[in-house]
C-alpha cells in the first residue's frame, strides 16, 4: 500500500483540490476507511469526512447506480415533481394485472407504512378503505415495535359485504392486532339500499363515533376503483348495471370510497352518494393528513389520473406502466 501512496504523492500537488482528490481515491478506489485515510494523511477523521462531501459537491466523483430499480426511482421522482405529490412508489411487477400485481402493491404499501410508523412520535390514527388490493395489506404488514406510541386503526367505510376477503374489518383488525392497537369498525354496509336506511345507520351513536374517528385519521389508505362492470362495487352487487350506465353518462371514470368522480376529479351528483356510509371525500383534501392511494393496472389509468387531478392523493403506489403514462400525459 505504501508504494501506491508514494505514486499518488508524485501525481498530486498539495492544493486543497488535489487533497480532496487524493482522499476520494483512497476512499472509493483503495477502499480505505476514513480513519485509515486520516492516519495516513495526518488529518482528523472529521476533516476527511468533510472533504469527501466536498468531493461530491465539486463533482470530482460521480456515482453510477447499476440496478434495474434505479430507473424506477427516477420515475417516482418525476411523478412527485409533475403532480406535486408528497411521495410515490412504483412497483416493477412482472405481471401487469390480477392478483400478482395486487400483491406487489400490497407489499410495497406495507413497507411504506412500516417506514412511516418508525417516524410516529407520539400518536396516530390510521384509516383503511376497502378493495381487492388493500385486502392483501395485512398479510405483508410487519410493523415496528411502537410500545411508546399510541396507534389507533379505523375503517373509513361500512364493511358489511358478501366478499369477506375485501372487508376493511379483516384488513384493519389484522393490522391493529399486529400493532397491538385498538380497532374501530363501522358495522354497516358501504352503500345502504336507500338514503333513509343510510341515515338510520349513521344516526346510531356507535357508528357516528367511529365515523368521527375515521375523519380524524392522520394516515388514510385507499384504493381507487374504475367505472366498469369489473369493478368490485358492481361485481359484488352493491350497484347494478343500470347504475353503472347512469354514472358513465354523467361522466364517472372511477370511485374513491364509493364516491364517483369525473375525469377532472370532481364528485358527480348522484343519489348513490346519499346512501354511502363512510367519510366524505373532502376529508382527503386536508393538508394535515397523508393519503396513500394503492392502485394500478391499465384499466384504472383514467380513475387514477382523475384522483390525482382532484387533489385526493398525497402518495401514489402504482405500477411502472401507469407511472409512465401519467408522466407522459400532456394535460393536468
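We did not get these values from a lab; they are worked out from the coordinates using the rules stated. Fair warning: this is a prediction, and the values are worked out from it, not measured in the lab. All Cβ positions, glycine included, derive from the backbone under ideal geometry; neighbour counts span all protein chains shown.
Structure summary
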item: Rounded tilt (10° steps) of 168-179 against the dominant C-alpha axis of the chain; result: 40
item: Cα radius of gyration and Dmax for the stretch 70-328 (Å); result: 17.2, 53
item: Helix 70-83 axis, angle to the chain major axis (alpha carbon atoms, nearest 10°); result: 60
item: Prolate/oblate/rounded call for the stretch 175-317, Cα gyration tensor, a/c under 1.5 rounded; result: oblate
item: Order of 286, 255 - criterion: other Cβ atoms within 10 Å of each residue's Cβ, fewest first; result: 286, 255
item: Extension gain (nm, one decimal) between residue 282 and residue 42, 0.36 nm per residue minus Cα-Cα; result: 80.2 nm
item: Residues 203, 223, 330 arranged by fewest to most Cβ contacts within 10 Å; result: 330, 203, 223
item: Within a Gaussian network of the chain (alpha carbon springs, distance under 10 Å), most fluctuating of 274, 62, 40; result: 40
item: Top of 293, 124, 38 by mean-square fluctuation, Gaussian network on the chain, Cα under 10 Å; result: 38
item: Rounded to 5, percent antiparallel among DSSP beta bridges of the chain; result: 25
item: Stretchable slack from residue 85 to residue 58, in nm (0.36 nm times residue separation minus alpha-carbon distance); result: 6.7 nm
item: Acute angle (nearest 10 degrees) that the helix 2-11 long axis makes with the longest principal axis of the chain, alpha-carbon atoms; result: 90
